[in-house]
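As structure tokens, the structure follows; a few thoughts come after it.
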Amino acid sequence: MSAVERARALVGVPFRLHGRSESGLDCVGLVALALGRNAPCAYGLRSGDAGRAAGWLRAAGLVPVAGGAPGDVALVRPGPLQLHLMICVPGGFVHAHAGLRRVVEMPGPSPWRVMGWWALI
């Protein structure tokens, strides 16, 4: 099963900060499950430190890419001090939406500034 298929299979899972299973996921847990990687546990939603996030992504075996292909991970900035991860799928993104309290598939381009694209090596 591809990362896109695994991400789409998680649509509807409840949102849970630091969640790492199908009983609840945050954006980091979603990416970890969809890509079959380990995820950091010590982080906050409002750190805004893109360099630190890049370190976590590298430690998980991802590399920066020009980006936007299905299965790639987008590191986005939804707010001044907030970072978020989304998985690119054909036609949009899958991400853990804190406001809707569940994993969703969102059509179209990212509504937030993309800080970088990451892919498995």
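The values are calculated or read from the model by the stated rules, or taken from the named source; none is laboratory data. Keep in mind that what you see is a predicted model, and the values were worked out from it rather than measured. Reconstructed Cβ throughout: ideal geometry from the backbone, glycine too, with neighbour counts over all protein chains shown. These area figures cover heavy atoms from the full protein model, side chains too; ligands, DNA and RNA do not enter into them. Shrake-Rupley method; radii C 1.70, N 1.55, O 1.52, S 1.80 Å.
Selection over region 68-121 of residues that are open to solvent by less than 40 Å² (accessible area, probe 1.4 Å), part of a loop (DSSP other than H, G, I, E, B) and either among the charged types (D, E, K, R) or modelled with pLDDT under 95 (or both) gives a count of 2. Quick one: which of ALA54, ALA59 is loosely packed, with under 13 Cβ neighbours inside 10 Å and farther than 15 Å from VAL11 by Cα? ALA59 is the lone residue from the list that is loosely packed, with under 13 Cβ neighbours inside 10 Å and farther than 15 Å from VAL11 by Cα.
Note on region 27-40: among residues that are without any contact (Cβ under 8 Å) to a residue 60 or more places away in the chain and part of a helix (DSSP H, G or I), the one that is farthest from the chain's Cα centre (by Cα) is LEU33. Cβ separations smaller than 9 Å between residues 6+ apart or across chains give the following pairs from region 91-117 residues that are more than 11 Å from VAL11 (Cβ to Cβ) and among the basic types (Lys, Arg) to residues that are open to solvent by 30 Å² or more (accessible area, probe 1.4 Å) and in a loop (DSSP other than H, G, I, E, B): ARG101/ARG16. For region 11-26, the set of residues classified as open to solvent by 10 Å² or more (accessible area, probe 1.4 Å) and either free of Cβ contacts under 8 Å to residues at least 60 places away in the same chain or of a type in the set (A, V, I, L, M) (or both) consists of VAL11, VAL13, ARG16, LEU17, HIS18, ARG20, SER21, GLU22, SER23, listed by residue number.
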